[in-house]
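What follows is a single structure, written as structure tokens, with notes after it.
Values in this text are rule-based calculations from the coordinates and carry no lab data. The structure displayed is predicted, hence computed values, not measured ones. Glycine also receives a Cβ, built like all others from the backbone with ideal geometry; neighbour counts cover every protein chain displayed.
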Amino acid sequence: MTTRINREATVPAHAAAVVDLLNSRAYADLADKLDTAESAAEILRPFGQQDGVPAQQRLDLVRAVRSDLLDLMDARDTSDAAGNWAAFTGRTTSITFQQDFSTPGQVGLRQVTGDPVVGRIIEDVATLITAGNWSRLRFCANEVCRAVFYDTTRSRTRRWHSYEYCGNRTNVAAYRARNAGCDGTSTA
């Protein structure tokens, strides 16, 4: 399963779910999607949310975890990141996993305590980290936008969540600013 954005079919489903969770926050001119029961259920469905309204306690914990993850993405240096990872670890201590060797030749983790939806969020984040893909999660370079996206480029240098929207607008604005004093005539 891949993300809903067809042109980015290489985004793994667990990464797309984390991106959707991070983009559920209020940003730009968008409201927090966890504030309405219907949109909260849709955002949390990939993490195991059953049909119906998510409990307020679950939503509060999801918001806190989301905030920790956004702080991790926004960390400027390794000391900030270390403190943010410690905060995330502290927030998730109520969720524990146990090794499961029930399938011959395989080992997995099975959640034994804590909220199952938040546990799945943690599992998906751990999968990104283990695969070396946490750094592929980025904020859009457009300061007005700041949408989170999964960078699918080989060089991991993508800057915009959508070049057609944010990249083009930013580049055109920069070009116009550079040429604002020019009237197009040459004085030779």
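What list do you get for Phe88, Phe47, Phe101 if you sort them by fewest beta carbons within 10 Å?
Arranged by neighbour count, lowest to highest, Phe88, Phe47, Phe101 become Phe101, Phe88, Phe47.
Return Glu143, Glu42, Glu123 ranked ascending by Cβ neighbour count within 10 Å, so the fewest neighbours appear first.
On the way: Glu143 9, Glu42 14, Glu123 17.
Going from least to most buried by this count: Glu143, Glu42, Glu123.
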From fewest to most C-beta neighbours within 10 Å, the residues Asp115, Asp32 line up as Asp32, Asp115
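Mind running the shape call on the range 1-152? Use the C-alpha gyration tensor, a ≥ b ≥ c as the square roots of the eigenvalues: rounded below 1.5 for a/c, prolate if a/b tops b/c, oblate otherwise.
Details: a/c = 1.34, a/b = 1.23, b/c = 1.09.
In terms of gyration-tensor shape, rounded.
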